[in-house]
Structures are given as C-alpha cells and as structure tokens.
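The values are calculated or read from the model by the stated rules, or taken from the named source; none is laboratory data. Everything quoted here is computed from the prediction, not taken from an experiment. All Cβ positions, glycine included, derive from the backbone under ideal geometry; neighbour counts span all protein chains shown. To get the accessible areas, we keep the full protein, side chains included, count just its heavy atoms, and leave off ligands, DNA and RNA. Shrake-Rupley method; radii C 1.70, N 1.55, O 1.52, S 1.80 Å.
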Amino acid sequence: MKKILLVLSILSWLTNGRSLAQATFTYTLDDTIKNAAPGAMISLENSIINSTLGIITIDAVRTVDVMPDVPTWTTMFCLDVCYPPFVDSVRFDLPADSIQSFVFDFTTDATPDSGTAVMKIKNVAVPSNTVIQKFYGITNGLAVNESE
C-alpha cells in the first residue's frame with residue numbers, strides 16, 4: 001500500500017497539476033481577416049499550443065482555397081517552414097509544453113479582390129480535438145474591423 005501511495009505522490013508531483021489523460025491542443029485566434037494594398041503579401045498569425053505532458057500528432061489540412069482567377073492569388077501556410085502553395089496537408093508532432101507558430105499567407109496581385117481559405121487543425125489521436133478556421137484576405141484599400 002505504501003508503494004502505491006509513493007507512486008501516486010510521484011506522479012502527482014511530476015504532473016504539477018496537469019492531466020495524464022490524452023493530450024489535446026488549444027489554438028489561439030489572433031488573426032483571421034486582414035486587409036492590405038493590392039499586390040501585398042497578407043499574413044495571418046495564430047498559435048497551436050500543447051500545454052500537456054504528451055506529444056501530439058497533428059494534421060494541418062487546407063480544406064478550402066477560394067482564390068480569384070484573375071488576378072491570380074495563391075495561399076500557403078507555415079509551421080516550422082513555409083510550404084509551397086501546392087501543399088494542402090502536413091502531419092507534424094507538437095512536443096509537450098510547446099507552442100507552434102501557425103501563419104497563413106495570401107499572395108495577392110495588383111488588382112483589388114478577396115480570397116477565402118479554410119484550414120483544419122486536427123489531433124490525430126483525439127479527433128474531437130479539431131479546429132476549423134476560415135481565413136480572409138482582402139485587397140481593396142478599405143479598412144476592415146473585426147467585431148468582438
């Protein structure tokens with residue numbers, strides 16, 4: 001019985017109040033819509049956070065990419081590296097107690113227009129731990145304010 005109590009005490013001390021249940025991530029919602037001058041690169045930045053003790057395997061998948069045909073826009077996303085526009089999905093490991101920067105970029109052209117893209121960030125081991133995020137890029141010279 002003393003050994004069991006000792007093991008439980010050590011586990012409690014090691015977790016420092018954190019759960020040993022399956023690891024889940026959180027996603028910060030910093031930017032989802034941005035306005036820029038035509039021809040500018042529009043970058044939207046967010047973070048994927050693992051505040052648990054376990055490594056989390058995550059799929060980042062661009063599920064929607066609605067860009068103007070003329071002018072030609074493209075999108076790409078960046079984790080540790082920026083992936084080319086033709087890469088729609090990436091699987092990566094998020095170490096315990098870490099923050100992964102997530103950047104979504106719209107490459108625009110000289111003609112004012114707008115584009116929409118959707119990313120799905122999914123925990124492979126816990127499919128219910130999924131974030132669906134829409135991103136909007138606008139080049140029309142008008143200010144855009146988000147409502148809070």
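Listing for the model above:
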item	result
Among residues of region 89-112, those that are more than 26 Å from Ile55 (Cα to Cα) and crowded, with 19+ Cβ neighbours inside 10 Å, counted	3
When residues of region 34-88 are limited to those that are charged (D, E, K, R) and under 18 Å from the mean Cα position of the chain (by Cα), the one surrounded by the fewest Cβ atoms within 10 Å (Cβ to Cβ)	Asp80
Tabulated pairs, region 124-141, first over 15 Å from Ile33 (Cβ atoms), second among the basic types (Lys, Arg) and open to solvent by 30 Å² or more (accessible area, probe 1.4 Å), C-beta under 9 angstrom, 6+ apart or interchain	Val124/Arg91; Asn129/Lys122; Thr130/Lys120; Thr130/Lys122; Val131/Lys120; Val131/Lys122; Ile132/Lys120
Restricting region 1-27 to residues that are modelled with pLDDT of 90 or more and outside any loop (DSSP other than H, G, I, E, B), the residue that is nearest to the chain's Cα centre (by Cα)	Tyr27
Qualifying residue in region 71-89 (condition: assigned to a loop (DSSP other than H, G, I, E, B), in contact (Cβ under 8 Å) with a residue 40 or more places away in the chain and not hydroxyl-bearing (Ser, Thr, Tyr))	yes
